[in-house]
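Participant: Before we start, here is the structure in question, set down as structure tokens.
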Amino acid sequence: MKKVLLLSILAVFVLPGCKKYKNKEVYANCPIYMSDADFDASFEFRTDVPLLESGNIHIFNDKIFVSDEDKGIHIIDNSDPYNPFPIGFMNIVGNTQIAVQGSYLYANSVTDLLVIDISEITNPQLINRQEDVFAYTTPVLEDADYPVADVDREKGVVIGWEIKKTKEVSGVGSKFFVKDCAECGDEEMATAKMSSRAGLSGSMSKFLIVDGYLYTIDGTDLVTFSLSNPRFPNQESNQNTWREPETIFANGDHLFVGTTTGMIIYNRE
């Protein structure tokens, strides 16, 4: 009898609270979408784009390629190291990684692997887009002090965030003590901290080309592509590292994958 009474009391107090917080509006990082059609057609080369948030840097011959995080790649002429100057910018939505072999540049674009012909450096051409090669990731949050609103893949690709009020935040816990009015104090944000990115990020290199193979880190996986036909990379393997890899480099016949907890060494043979 005591057990039945206890369950009844819990039901009275818990159920109204859940309903209340389910319908509560809070300020959150709300996704800004680009349609899938516009995303597929988003590559372009421009000469008037400033560098905003530098990420990975790749040097090939006398050219420097700098990823502007989640936006694209800047090309810099370094033939005179004392006077490098910008050539232009390749608009690549969701880009964080770069690798170059010969006349071809390889870059990630959210879930896709792009192959870009850079033989004419002032007029690079996208020649291949391999779709859904990588796990879906989202850009760096607008403000990590706010929770993250739900993402609807049916609406397209997330290309950014805006802080505004919404009910589309999953989980009752995400709506406790969050900033739900413009005048709320910082103390009400104490438990609203979220990850600054829901996916891959940072300036560490996760693309590497060695002996005709492109090695990539995708989440927790080490994914290998053959470049025997450099215009059409062929995925040959996908190996889970069971860690949180952050960077990759090679020495001889070995790959060294740096993780948050140590180094994994792979034999490439």
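Participant: Given the Cα-Cα distance of SER228 and LYS24 and 0.36 nm per residue of separation, how much length would full extension add, in nm?
Facilitator: Extending this stretch completely gives an extra 68.0 nm.
Participant: Okay, next question. What is the extension gain from ASP143 to THR241, computed as 0.36 nm multiplied by their sequence separation minus the C-alpha to C-alpha distance, in nm to one decimal?
Facilitator: Difference between extended and current length: 32.2 nm.
Participant: Modelling each spin label as a point 7 Å along the Cα-to-Cβ direction, I'd like the ASN123/PHE85 distance in nm, to one decimal.
Facilitator: Spacing of the two 7 Å Cα→Cβ label points: 2.0 nm.
Participant: Here's another thing I want to ask about it. All other residues with a Cβ under 11 Å from the Cβ of GLY55 taken together, and with Lys, Arg as +1 and Asp, Glu as -1, what is their net charge?
Facilitator: Once all neighbours under 11 Å are counted, the net charge is -2.
Participant: I need the calculated FRET efficiency for the pair ASN267 and GLN101, taking r as the beta carbon distance and R₀ as 25 Å, to the nearest 0.05.
Facilitator: Using R0 = 25 Å, I get an efficiency of 0.70.
Participant: Per the Cauchy relation, a quarter of the hull surface: what is the mean projected area of the convex hull of the alpha carbons in region 57-108, in nm²?
Facilitator: On the way: hull surface 13.2 nm².
If I average the Cα hull's projected area over directions, I get 3.3 nm².
Participant: Which of LYS71/LYS164; LYS24/LYS71; LYS71/LYS155 have a Cα-Cα distance over 27 Å?
Facilitator: LYS24/LYS71
Participant: Would you grab the residues whose amide H sits under 5 Å from the one on ASN78? Only those 5+ places off in sequence or on another chain, please, with H modelled 1.01 Å from N.
Facilitator: LYS63, ILE64
FYI, it's all coordinate maths here, none of it is from the lab. Fair warning: this is a prediction, and the values are worked out from it, not measured in the lab. Methodologically, a virtual Cβ is constructed for each residue, glycine included, from the backbone with ideal geometry; neighbour enumeration extends over all protein chains shown.
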